[in-house]
Amino acid sequence: MNIQTKPHHTFSPISIILMTQKREKLKRKRIRIKVLLGLTICLMPTLVQAQQIDYKVEADGALSNSKTPLWLNANRYGLSSLEKHSGYLRAGIFKSLKGYPNEETKNIEPESQEPTKGKWDWGAGLDLALPDHYTSDFIVQQAYLEGRWLHGVLTIGSKEFPEEQKNEYLSSGSQALGINARPVPQIRLELPDYIKIFKWLGFKGHLSFGWMTDNHWQKEFADPESKWAKNMLLHTKSGFFRFGNPDGHLTVEAGMEMACQFGGITYNHGKAIKRGSKLKDYWQAFLPGGEGDVGEGVYANDEGNGVGSLMCRINLDEPSWKAAFYIDHFFDDHSQLFFLDFDGYGDTKEDFRKHKYSHYIFYTPRDGLFGGEINLKRNTWLNDIVIEYIHTTDQSGAVYHDSEPGLPAHVAGRDDYYNHYFYPGWQHWGQAMGNPLYRSPIYNTDRHVDFKDTRFIAWHLGFSGSLTTQLNYRVLATTQKGWGTYDNPYVPIQRNFSMMVEASYLFRNHWILKGTFGLDHGRLLGNNTGFRLTISKSGIFKL
C-alpha cells in the first residue's frame, strides 16, 4: 500500500510580490469602504432632515480602438479614463442650497425663479462612483456640506464648481480654473452671484484652501527618478466686476482667477524636499511672495506654483438673440500678469540682483483664449454656437535670461505654461486643471508628470440644439497645431483634429439615454475612435 504525502508549497519571489500587492489592494479597498461609511454616517442625519432631496444614478461605458478620444475624456471633472474600455456606476444625493433674493430675482414670478428661503440655508451632497479601468478603484467625486448667510456661501468638502464666463457645455475650457480634473477637497468662502454695489456695478468672487488627493496616483505613475509630489496644498481665489445694468442690453464682466500649489513634499531624482506648510506659507500663497522655494538659489521667485488668468466678457442681450465675446489670458508669473518686467539691475558681483535703476521691459500681449458665443432664443434645432481661438506659443518670448555679473540685461521669457521646476505642474490625478488642450500628463508614456505640449494654436467649434422636445444634440470640433515646449520642441510640428457628436433622449420620469461618438486624428494624441453610452435617472425624494 503506497501512501502519498501532500507536497509542501514553495513560493517564488514573484509570487510573494504578487501576494503582497493583492494584500495592499485589499487593504486600500477596505479603507475606501470605511471612508464611504464615515461620509454616509456624517451626511445622512442632515440629509434626512431636509424637506427635499435630489438624487441621480448613472451607468456609463466607453469603448475605443486605442485611447479614449479627447472630447470623450475631457471636461468631465476628472471622471474619465484613457483605457480602451472603461465605465462606472455612479450615485449621488444632494440637498440643494436655496438662493437669496436679490435685485435680479425679486420681481420674477415665484413659479419661474430659483426657490428662496430666509436669510440663511444649508446644503449637502454625496456623489460616489464605482469605476472600472480608471485611475482609482473607488471614487468619492463629491462630498460636501455648505451653508449660506445672505449672499455668502461657505463650502467644506469636495464639490464640482462651474467655470466662469464660458458655456462649459460647448467651450474648450477655462485656462486656470477649469472642469477637466477631479474636484479638490477644500474650505471655500464664496459670493456665487453678483451682489449690487451700485446700480451699474456688481461684484462676486471666492477664496479657498484645499488639499490635493492624488498622492497614490503620482507615486504609482511617476518614474522614481522623475519629478512628483505628495501632500500638496492648493489655494484659489477669484474676483469679478460686472459693469452695466443687468436688465439692459449691454454688460461687461472683468476680473481674474488665481491659484497656487504649495506645501507638501517634492521628489526629484529620488531626493525628497519638504516644502513650507506653516501659517506664513498660507499667507504667501494668498498674497504671492516669499523667499521662493527651497533649491531655487539666488534667482528665487515667489513661493509655490502660482498660476492665474485675466478674464473679460462682453454680453449683448436682444429680444431674439444673445451674444458674448470673451478673453481668457493665462499667466504663471509677473511677465504675463502685468506685461512688464523689471530690468534695472546693477552689473557688478555685489549688486547684479539689486534694483539700481527704474527700467522695465514691456511684453506685447499675444497669448490667450479668444471666444465668441451666440444664443438663438427662438430657434430650437440650432440654439447655441461657440467659436474659440487659443494661442499659447509666445509665453513672454523664446529667451530666458536673468541678470548676472557683467551682464545686467533681464529678459524673462520661456514661461512654460502649466509646468513648474519643483512641482508636477497644473494637474490633479493626471488631468490638467485648466484647459485640456494642454496635453495632460496622463497621456505621457515616459512616466513623467509634466506637460509635453504647452505651445500650441487651436481653433475650437461647439454647437447644440434640439431636434425634438425630447432629442437634443451637441457637436464639438477642434483643430490644433503644437510646438511642444521651448525646452523640448516638437520636430516637426505636430497636428491634431478631435471631434465629438453626442445625442441624448429624454424619456419619462427623467430617464436619459445618451450616446457619444468621438475621434482623434494626428500625432499629438494619436488616431483614436471611440463611443460612450450613458444611462441616467434623476429625481426628487420628498420627505
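The values are calculated or read from the model by the stated rules, or taken from the named source; none is laboratory data. The model shown is predicted, which means the values in this text are computed figures rather than measured ones. Don't worry about glycine lacking a Cβ; one is built from the backbone with ideal geometry, like all the others, and counts go over all protein chains shown. Remember, those area values only see protein heavy atoms, side chains included, never the ligands or the DNA or RNA. Shrake-Rupley method; radii C 1.70, N 1.55, O 1.52, S 1.80 Å.
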Which residues, taken from region 444-466, are among the polar types (S, T, N, Q) and either surrounded by fewer than 17 Cβ atoms within 10 Å (Cβ to Cβ) or more than 18 Å from residue 487 (Cα to Cα) (or both)?
445, 464, 466
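Residues are listed down the side, and each one gets a yes or a no for (1) in contact (Cβ under 8 Å) with a residue 40 or more places away in the chain; (2) out of contact with any strand residue (DSSP E or B) (no Cβ under 8 Å at 6 or more places or on another chain):
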| position | (1), (2) |
| --- | --- |
| 418 | yes, no |
| 422 | yes, no |
| 427 | yes, yes |
| 444 | no, yes |
| 450 | yes, yes |
| 456 | yes, no |
| 460 | yes, no |
Report yes if residue 241 is free of Cβ contacts under 8 Å to residues at least 24 places away in the same chain, open to solvent by 30 Å² or more (accessible area, probe 1.4 Å), more than 22 Å from residue 436 (Cα to Cα) and among the aromatic types (Phe, Trp, Tyr), otherwise no.
no
Identify the single condition in (1) free of Cβ contacts under 8 Å to residues at least 40 places away in the same chain; (2) buried (at least 22 other Cβ atoms within 10 Å of the Cβ); (3) within 14 Å of the chain's Cα centre (by Cα) that residue 157 does not satisfy, given that it satisfies every other one.
(3)
In the list 394, 351, which residue meets the criterion of being among the charged types (D, E, K, R), assigned to a loop (DSSP other than H, G, I, E, B) and at pLDDT 90 or above?
394
Among residues of region 372-398, those that are farther than 21 Å from residue 473 by Cβ and of a type outside the set (A, V, I, L, M, F, W, C), counted
8
Index of the failed condition, residue 336 passing every other in (1) in contact with a strand residue (DSSP E or B) (Cβ under 9 Å, 6 or more places away or on another chain); (2) modelled with pLDDT under 95; (3) open to solvent by 50 Å² or more (accessible area, probe 1.4 Å):
(3)
Where residue 218 falls short, out of the listed (1) open to solvent by 30 Å² or more (accessible area, probe 1.4 Å); (2) under 25 Å from residue 450 (Cβ atoms); (3) polar (S, T, N, Q)
(1)
Picked from region 373-391 (must be over 30 Å from residue 482 (Cα atoms) and assigned to a strand (DSSP E or B)), the residue most open to solvent (accessible area, probe 1.4 Å) is 376
Test: residue 487 is surrounded by fewer than 21 Cβ atoms within 10 Å (Cβ to Cβ), within 30 Å of residue 395 (Cβ to Cβ) and of a type in the set (Asp, Glu):
yes
Answer yes or no: is there a residue in region 404-413 that is more than 23 Å from residue 341 (Cα to Cα) and assigned to a loop (DSSP other than H, G, I, E, B).
no
Residue, nearest to residue 392 (Cα to Cα), within region 470-480, restricted to residues that are touching a residue at least 24 places away in the same chain (Cβ under 8 Å) and surrounded by fewer than 18 Cβ atoms within 10 Å (Cβ to Cβ)
475
Qualifying positions in region 107-140 - modelled with pLDDT of 75 or more, assigned to a strand (DSSP E or B), open to solvent by 50 Å² or more (accessible area, probe 1.4 Å) and not aliphatic (A, V, I, L, M):
120, 122, 132
If I filter region 520-536 down to residues being of a type in the set (Val, Ile, Thr) and open to solvent by 20 Å² or more (accessible area, probe 1.4 Å), which single residue comes out as nearest to residue 507 (Cα to Cα)?
535
